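Visitor: Below is one structure. I have some questions about it.
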There are 2 protein chains.
Amino acid sequence: MKISGNLIDLFNREIYAADIVISNGIIDEVKRSGKVYRNYILPGFVDAHVHIESSMVVPSSFAEVAVKHGTVAVVADPHEIGNVLGLAGVEYMIDNGNSVPFKFFFGAPSCVPATALESSGSTIDVRDIEKLLSRKDIKFLGEVMNYPGVIREDEIVKKKIDIARKLGKKIDGHAPGLIGEKLIKYVKSGISTDHECSDLEEARFKLKHGMKVLIREGSAARNLSKLHPLLKESPENVMLCCDDIHPEMLVEGHINIMAGSLINQGYDLFDVLRAATVNPVEHYGLEVGLLREGEPADFIIVDEPGRLKTVETWINGEKVFGDGKLFFAAGKAARVNKFNSSSITVDSIRVINRTGRINVIDVYDGELYTTHFKKRWSEGQFVNSSLNDDILKIVVKERYRDMPPAIAFVRGFGLKKGAFASSVAHDSHNIVAVGTDDDNIVTVINRVVQMKGGLAVTDGMVIKEIPLPIAGIMSDVPCGTIAEKYLHLSDMVKYMGSQLKAPFMTLSFMALLVIPEIKLGDRGLFDGNKFEFIDLFDGIVE
Amino acid sequence: MKISGNLIDLFNREIYAADIVISNGIIDEVKRSGKVYRNYILPGFVDAHVHIESSMVVPSSFAEVAVKHGTVAVVADPHEIGNVLGLAGVEYMIDNGNSVPFKFFFGAPSCVPATALESSGSTIDVRDIEKLLSRKDIKFLGEVMNYPGVIREDEIVKKKIDIARKLGKKIDGHAPGLIGEKLIKYVKSGISTDHECSDLEEARFKLKHGMKVLIREGSAARNLSKLHPLLKESPENVMLCCDDIHPEMLVEGHINIMAGSLINQGYDLFDVLRAATVNPVEHYGLEVGLLREGEPADFIIVDEPGRLKTVETWINGEKVFGDGKLFFAAGKAARVNKFNSSSITVDSIRVINRTGRINVIDVYDGELYTTHFKKRWSEGQFVNSSLNDDILKIVVKERYRDMPPAIAFVRGFGLKKGAFASSVAHDSHNIVAVGTDDDNIVTVINRVVQMKGGLAVTDGMVIKEIPLPIAGIMSDVPCGTIAEKYLHLSDMVKYMGSQLKAPFMTLSFMALLVIPEIKLGDRGLFDGNKFEFIDLFDGIVE
């Protein structure tokens, strides 16, 4: 088979008309042809760090969309499903990914559970890490989020890192804001990447001390507008990633959007495309071809280098996408789950008025952190949501051992009626709900329970939902459908009064205890500054 | 190749374990096997009358969903696209349908345009009909909606019917409520089917006089609950169809739902399945196999006869769907269109207060007919929407020759803010919009103009839309995505105050002049009782 076009040669940094001869999925020969072609051929894009689970679809459905955007491979850390199902969850992702012609490279999640402060569904222990990293198809130890543990040389963290080093696997980092001596110690432990830089100086420091920096542009965090100068300063040490990409963003584009934006900003075409292809392939040692003889025939055809509109995507010498048509289909995904929550009643989320002021969580649109304020409740036997102050009840219901719900109050959601709930709740994925009254909160939580995972909204009249039957965090329907459903439910929350841009995303971070200042876990209200659980009432008499 | 299962033999009316041997897409042999199988094999379902365009997706995308429900063939009348693009539109549907392994049998639309009272994009004349019906793959003359024309023996109608008779093609009817001598004359002209019966006595009369009755269960009309006794009274003369099926209904089910419901009501399994398969194949002479030796291997495998949950769908000996997986994909649909409307300004839809009362359209949820009432406007230089009375401005903007908008008022939409518009507007598919104020009406109409067809809603803050770039009535994205978008936009209209169950459907019938009592066409307000255009003001002084 012969493919012709203007080849963008990322190694010799030139573009020339070429014929590419492919046999048995491998590139046999790349010949200069001297002809004139319309389209351009270049290596396919690689997302250097993604949690597939955030797209709310399984890997095979993720691939259906990704190839349309010219992505041929992803470096994926399955730590969300790991928190629900442990090793079995990781193996589920690998098997599901193997059912389609797309290159998934999964890692071994290093921090499951993320903390001992909340109830997760499973643990990935040192033995599991060893089992995973011993596999040829597992390329790296997933982001070591427990950077204090690395610096303190915690035994378990050290063991996991040592296994990766011994087996010659890369170790991914996660160290937001970390610089100075601590960062140097973190790097010396063997950790070689970071995708959490939100500041240019921070990124420069990390690069200087030998880290690769993954520039991130996803649904939860967008760092490209600050970090783009790295493409000029240190192009060989930069990769592109999305980290978390929600379905409605994925259907619009992927790494192609980032690369296109950088090229249009005037960065060197070859530098940008290398960051989006060669750099992750070489860093992680991925079996992805880069258009050289003897390599797998993985490449894409685009209409012009500046637009990066994918005309065709080829993986292992097979056209998987071309002229708007997909040449494979995701099969039926098996429904694996761990969901043992019963329905709850209104009695179980009632809050009796006690002595002192209430510790309230203050949320900010688009931010993971919260602040803490106190509010005196003068009247009544029970404390309820107060619409005038926008102080609403928030409930976290444990879903693995069916523990009773934890209850607190939150300001900033803006609901004027109804309630909404989700079993996508980082990192343990228990059920979290916010609402204007107990009846509606119970309604949405019980709908999530009934679905064994998913999103639900009610305005008091109708109820809308997205079932997420796979681990309570992923759907088995196509990404386009989930994207539309997700926008629909988000809009419903907005019609109910919320001004938040992505209310379900904000909700999903309410139980993420490690980000200060105050969060609600399944075991109660947590003060992230003091790093301890606190009572809902401060007990102070006026 | 050999397929085994419990064969539901619709000709010998028995179920037995069988091996079916297939070669080159044809059934070579059906052998009784004496073994025990879990699944059942039966002919695939045939929708006996459908306008694919109502699903808002092209035929190839329709097929992707239909095979999941066990449908292998449809008898389709492309008269919606005919009104926009004429013969070229019909040919577009045929070509697009041929791009996927599914059996589309298109007819020649007999009534394009539906009336001379409105501006359609194209005409399908006698010569076009002859050209179409001469094709081997065109099986029938599409529903002859102009039944008064048949009874009056209008020359053009007669010519079209005569061509069909001469060429030995079936002629479809459309005669809601027609019985007695007129119906007898209608049948004698050669028309052999009717899918418009909403009353059991009417259906019995039609059957008695030799018509086949197609029981309809679709988005716009649902007749199964009244007509089901026909399955016992005259099973050999009954077929099943949906007529109009919107995307959100199609993704849930198709003919399988109707057949399953009849079987569960206790009707004879073989009678029901024959109505859903054998009867349309035999009536229209379709090249669809019915599980007999020598026929194309078209069949489905279901888990149990009473549930009709499709496990596999086979067409011409190829598995096109199995275990939740689709084995083909709709390609990129070409964007054919006829859309010559410019943007409009607020000035163009202003209504100056004149002498007399205003003729207002009263709409009813789920009904095609409207009633007529008059309202005196006492004050002001201009007449605007009146939210307290729920009297809203309605605008129809011609889209083929860019004629100025027609304006009237309507009660029953219930909007408290914003506006919504659509270029799906039976039968000519001009743009129709309803809103609470001129600015928002202009906004949504201009959004539809900009998209060259589609649906748009604004609540005054944000705009949401569904582009329908193919003839202004169909999308080129998958049906599941369109279904979700459609539900989303419908909900937005409801959040804006409308109590209508399907506000876009109600809107799409506002310009359907032939259904009384009063409608708004692109040329003005039309009194369906008097069958004449009327002024917006009645001119009567108090």
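Visitor: Condition first: open to solvent by less than 10 Å² (accessible area, probe 1.4 Å) and β-branched (V, I, T). Now tell me which residues in the range B:23-77 satisfy that.
Guide: B:I27, B:I41, B:V46, B:V50, B:I52, B:V57, B:V58, B:V67, B:T71, B:V72, B:V74, B:V75
Visitor: Might you check whether a residue that is without any contact (Cβ under 8 Å) to a residue 40 or more places away in the chain and open to solvent by 10 Å² or more (accessible area, probe 1.4 Å) occurs anywhere in the range A:390-407?
Guide: Yes.
Visitor: Which condition number does A:C197 fail, the rest of (1) part of a helix (DSSP H, G or I); (2) open to solvent by less than 10 Å² (accessible area, probe 1.4 Å); (3) closer than 30 Å to A:V302 by Cβ being met?
Guide: (1)
Visitor: Examine the range A:232-251 for a residue that is among the charged types (D, E, K, R), part of a helix (DSSP H, G or I) and free of Cβ contacts under 8 Å to residues at least 40 places away in the same chain, and state whether such a residue exists.
Guide: yes
Visitor: Is the range B:186-200 home to any residue that is in contact (Cβ under 8 Å) with a residue 40 or more places away in the chain, out of contact with any Lys or Arg (no Cβ under 8 Å at 6 or more places or on another chain) and β-branched (V, I, T)?
Guide: Checking the range B:186-200: at least one residue is in contact (Cβ under 8 Å) with a residue 40 or more places away in the chain, out of contact with any Lys or Arg (no Cβ under 8 Å at 6 or more places or on another chain) and β-branched (V, I, T).
Visitor: Name the one entry in B:D162, B:D137, B:D172 that is assigned to a helix (DSSP H, G or I) and either at pLDDT below 95 or under 24 Å from B:E80 (Cα atoms) (or both).
Guide: Just one listed residue meets the conditions, B:D162.
Visitor: Of all the residues that make up the range B:259-273, how many are under 23 Å from the mean Cα position of the chain (by Cα) and open to solvent by 10 Å² or more (accessible area, probe 1.4 Å)?
Guide: The number of residues fulfilling the criteria is 1.
Visitor: So A:A220 passes all but one of these: (1) within 30 Å of B:T481 (Cα to Cα); (2) buried (at least 23 other Cβ atoms within 10 Å of the Cβ); (3) touching an Asp or Glu at 6+ places or on another chain (Cβ under 7 Å). Which condition number does it fail?
Guide: (2)
Visitor: Working carefully through the options B:I300, B:I315, B:I344, find the one that is closer than 30 Å to B:V449 by Cβ and more than 12 Å from every other protein chain (Cβ to nearest Cβ).
Guide: None of the other options fit; the residue is B:I344.
Visitor: Among B:R335, B:R307, B:R350, B:R292, which is the only one that is open to solvent by 30 Å² or more (accessible area, probe 1.4 Å) and within 14 Å of chain A (Cβ to nearest Cβ)?
Guide: Just one listed residue meets the conditions, B:R335.
Visitor: Checking B:V320 against (1) more than 12 Å from every other protein chain (Cβ to nearest Cβ); (2) at pLDDT 95 or above; (3) buried (at least 20 other Cβ atoms within 10 Å of the Cβ): exactly one of these is not met. Which one?
Guide: (1)
Visitor: It is to be established whether one or more residues within the range B:178-187 are under 21 Å from B:I215 (Cα atoms) and not in a helix (DSSP H, G or I).
Guide: Yes - at least one qualifying residue is present in the range B:178-187.
Visitor: Before we move on, is A:G528 more than 25 Å from A:A221 (Cα to Cα), out of contact with any Gly (no Cβ under 6 Å at 6 or more places or on another chain) and not aromatic (F, W, Y)?
Guide: no
Visitor: For B:N359, state whether it is part of a loop (DSSP other than H, G, I, E, B), over 23 Å from B:V75 (Cβ atoms) and either away from every other protein chain (no Cβ under 14 Å) or open to solvent by less than 50 Å² (accessible area, probe 1.4 Å) (or both).
Guide: no
Visitor: May I pose another question? Going by the conditions given, is A:D243 buried (at least 23 other Cβ atoms within 10 Å of the Cβ), away from chain B (no Cβ under 14 Å) and over 22 Å from A:I26 (Cβ atoms)?
Guide: The answer is yes for A:D243.
Visitor: Okay, moving on. Of the residues B:S423, B:S341, which is more than 30 Å from B:K68 (Cα to Cα) and either in contact with a Ser or Thr (Cβ under 9 Å, 6 or more places away or on another chain) or buried (at least 21 other Cβ atoms within 10 Å of the Cβ) (or both)?
Guide: One residue alone meets the criteria, B:S341.
Visitor: Another question, if that's okay. Scan A:K452, A:K393, A:K397, A:K416 and give me the residue that is more than 29 Å from A:P113 (Cα to Cα) and not aliphatic (A, V, I, L, M).
Guide: Testing whether each residue is more than 29 Å from A:P113 (Cα to Cα) and not aliphatic (A, V, I, L, M) leaves just A:K416.
Visitor: OK, next. When you check A:V213 against the structure, is it on the phi < 0 side of the Ramachandran plot and open to solvent by less than 10 Å² (accessible area, probe 1.4 Å), yes or no?
Guide: So A:V213 passes the test.
Visitor: Further question: Here are some residues: B:E379, B:E367. Which one is farther than 22 Å from B:A456 by Cβ, free of Cβ contacts under 8 Å to residues at least 40 places away in the same chain, open to solvent by 50 Å² or more (accessible area, probe 1.4 Å) and within 25 Å of the chain's Cα centre (by Cα)?
Guide: Being farther than 22 Å from B:A456 by Cβ, free of Cβ contacts under 8 Å to residues at least 40 places away in the same chain, open to solvent by 50 Å² or more (accessible area, probe 1.4 Å) and within 25 Å of the chain's Cα centre (by Cα) holds for just one of B:E379, B:E367, which is B:E367.
Visitor: Would you confirm, using the coordinates I've provided, whether A:G412 is at positive phi, touching a residue at least 60 places away in the same chain (Cβ under 8 Å) and not hydroxyl-bearing (S, T, Y)?
Guide: Yes: the conditions hold for A:G412.
Visitor: Only one of these conditions is not met by B:T345: (1) modelled with pLDDT of 95 or more; (2) under 28 Å from the mean Cα position of the chain (by Cα). Which number is it?
Guide: So the condition that B:T345 fails would be (2).
The values are calculated or read from the model by the stated rules, or taken from the named source; none is laboratory data. Nothing here was measured: the structure is a model prediction, and the numbers come from that model. Cβ sites come from the backbone with ideal geometry, for glycine too, and all protein chains shown count toward neighbours. Note: areas computed on protein heavy atoms with side chains; ligands, DNA, RNA excluded. Shrake-Rupley method; radii C 1.70, N 1.55, O 1.52, S 1.80 Å.
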